[in-house]
Amino acid sequence: MRAAGIIGYKNSGKTALTHALARELTRRGHEVAVIKHTSHHLDLSGKDTAVLGEVASRVGFISPQRSGIFWKKSLSLEDIIPYLEADLLLVEGFKEEKTFPKIVCLRGQPDDRNLFDGLAICAVRPVDQVEGIEVPSFDRQKTPLLGWDEVGKIADLVEERAFKLPNLDCGGCGHERCYDMAREIVAGTGRVEDCISLQPTTEVKIDGRPLPMNPFISDIVRSTILGMLSPLKGFRKGKIEISV
């Protein structure tokens, strides 16, 4: 799954942009998933799911229109992503995440500059000029809410440049952190294909999706499987496929 973030401070237009992008990318034929970060509690007081959640660690619900699962704890992006079936993921918020490119929503305030961490692929600005922006920028005021004329150009950038590194910090690519590699990819001096964990020597798929593994874990899985199979009659070296 490839991902792009939409970040900004409160009232900077993040949700409006996320909505517009999801709609445009879906129109183009993509399966789009969205994850939104919120610092507020979900208001489910008095609802059946909240009542059941008081006595259970997680609650699932199924209705004719939708289904879902509520966890009684905060999860990471890596915990949630495997549950989402999509080819493009839009991540609203999560300013501190460093494993995918970002679209920065500006308010025209001095602290906007703190949002640029080397992962921005474009910015959406509230005024005609914002000094010091070194990435493509789009004027939010010239376009109506949720119907931006330029949203197609932003969607083009998402299609071309979205990626998601596994956040393992394994060092297999020569970088200490996935963040360092992500910055190189955004700058055009690195490639997603250089991520060893996304292309392990031992491939494990769950529901058709490759499971990222750092080289150490990949070697353990490979050695364990070979150790179990090699004593069996009929075993010979070659490509091994195991389906569970």
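The values are calculated or read from the model by the stated rules, or taken from the named source; none is laboratory data. All values derive from a computational prediction rather than experimental measurement. Cβ: placed from backbone, ideal geometry, glycine included. Neighbour counts: every protein chain shown. Heavy atoms of the whole protein, side chains included, go into the accessibility calculation; ligands, DNA and RNA do not. Shrake-Rupley method; radii C 1.70, N 1.55, O 1.52, S 1.80 Å.
Structure above, values below:
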{"item": "Segments 16-27, 57-68 sorted - mean Cβ within 10 Å per residue, highest first", "result": "16-27, 57-68"}
{"item": "Beta bridges by DSSP in the chain, antiparallel share as percent, to the nearest 5", "result": "25 percent"}
{"item": "Per-peptide average of other Cβ atoms within 10 Å, ordering 97-103, 158-164, 182-188, 78-84 highest first", "result": "97-103, 158-164, 182-188, 78-84"}
{"item": "Subset of Lys14/Lys164; Lys47/Lys95; Lys72/Lys153; Lys153/Lys205; Lys98/Lys205; Lys47/Lys102 violating a 28 Å alpha-carbon distance limit", "result": "Lys47/Lys95; Lys72/Lys153; Lys153/Lys205; Lys47/Lys102"}
{"item": "Ordering of 216-228, 167-179 by burial proxy (mean other Cβ atoms within 10 Å per residue, highest first)", "result": "167-179, 216-228"}
{"item": "Residue-normalised accessible area of the chain, given per residue in Å² at a 1.4 Å probe", "result": "64 Å²"}
{"item": "Within-9-Å neighbourhood charge of Lys95 [Cβ basis; K, R +1; D, E -1]", "result": "-2"}
{"item": "C-alpha long axis of helix 151-161 to longest principal axis of the chain, angle in °", "result": "30 degrees"}
{"item": "Relative contact order of the chain, defined on C-alpha pairs under 8 angstrom at six or more residues apart (%)", "result": "20 percent"}
{"item": "Helix 14-27 vs. the chain, principal-axis angle (Cα, 0 to 90°, nearest 10)", "result": "60 degrees"}
{"item": "Degrees separating the helix 215-229 axis from the principal Cα axis of the chain, which is the longest one", "result": "30 degrees"}
{"item": "Local electrostatic count at Leu84 - Lys and Arg +1, Asp and Glu -1, tallied over other residues with Cβ under 13 Å", "result": "-2"}
